[in-house]
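The values are calculated or read from the model by the stated rules, or taken from the named source; none is laboratory data. Small disclaimer: the values here were computed from a predicted structure and weren't measured. Note: ideal-geometry Cβ built from the backbone for every residue, glycine included; neighbour counts use all protein chains shown.
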Amino acid sequence: MKKVLVDTNVILDLLAKREKFYKDSLQLFSLADKAKLQIVISTLSIANTYYLLNDILKFKGTRAAIRKFKVLVESYPMTDKIVELALNDNGFKDFEDGIQYYSALESNCSAIVTRNIKDFKNSGIPIFRPNEYLKRINVQ
């Protein structure tokens, strides 16, 4: 089974039902629900998603939504090693992107799925937008 790291923005697309991006994120996470794809997320993504949904978007039921979502994915811990690698990699302007990248490497993911392709230009593993990844694995 393929194993990919999914970035926070794609999680938000699903949970906040962002109109333009919801369909692709739903399809991606449905593959995990059907055990056709293993999705890994950084534990940082859980915290960031909670904050953005609850405090910024004022989404009601944030904790329950994340609890239901969590059964679809494997959360990879943000270890001291990942923090050190991200802090020392100047190829990532955004520290959070470095955390995502090194979480993907450390958890042996074959790709990262994100809508912010440009933020991962120095990646040593393939980077895809959700719709591109779905096409690549012949789902759309």
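Structure summary
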item: Every residue from the range 93-124 that is without any contact (Cβ under 8 Å) to a residue 40 or more places away in the chain and in contact with a strand residue (DSSP E or B) (Cβ under 6 Å, 6 or more places away or on another chain); result: I117, F120
item: Selected residue (only one of N90, N131, N54 is out of contact with any Pro (no Cβ under 7 Å at 6 or more places or on another chain), closer than 16 Å to L14 by Cβ and surrounded by fewer than 18 Cβ atoms within 10 Å (Cβ to Cβ)); result: N54
item: Breaking point among (1) modelled with pLDDT of 95 or more; (2) within 19 Å of F29 (Cα to Cα), for V139; result: (1)
item: Residue that is modelled with the highest pLDDT, among those in the range 99-136 that are closer than 15 Å to A86 by Cβ and of a type in the set (D, E, K, R); result: E106
item: Residue list for the range 56-77, filter: part of a loop (DSSP other than H, G, I, E, B) and either among the small types (G, A, S) or over 17 Å from the mean Cα position of the chain (by Cα) (or both); result: L57, K58, F59, K60, G61
item: Residues (surrounded by fewer than 19 Cβ atoms within 10 Å (Cβ to Cβ) and in a helix (DSSP H, G or I)) located in the range 94-117; result: F95, E96, L105, E106, I117
item: Matching residues in the range 1-47 - criterion: being among the hydroxyl-bearing types (S, T, Y) and over 17 Å from K70 (Cβ atoms); result: Y22
item: Residue within the range 57-76 that is in contact (Cβ under 8 Å) with a residue 60 or more places away in the chain, closer than 22 Å to N131 by Cβ and out of contact with any Phe, Trp or Tyr (no Cβ under 7 Å at 6 or more places or on another chain) present; result: yes
item: Single unsatisfied condition, F120 versus (1) in contact with a helix residue (DSSP H, G or I) (Cβ under 9 Å, 6 or more places away or on another chain); (2) within 15 Å of L5 (Cβ to Cβ); (3) surrounded by fewer than 20 Cβ atoms within 10 Å (Cβ to Cβ); (4) not hydroxyl-bearing (S, T, Y); result: (3)
item: Some residue of the range 59-76 being out of contact with any strand residue (DSSP E or B) (no Cβ under 7 Å at 6 or more places or on another chain), under 16 Å from L14 (Cβ atoms) and among the aromatic types (F, W, Y); result: yes
item: Looking only at the range 5-40, and only at residues there that are acidic (D, E) and either touching a Cys at 6+ places or on another chain (Cβ under 7 Å) or more than 20 Å from D119 (Cβ to Cβ) (or both), the one that is surrounded by the fewest Cβ atoms within 10 Å (Cβ to Cβ); result: E19
item: Which numbered condition D89 fails, given (1) under 14 Å from I39 (Cβ atoms); (2) out of contact with any Leu (no Cβ under 8 Å at 6 or more places or on another chain); (3) assigned to a loop (DSSP other than H, G, I, E, B); result: (1)
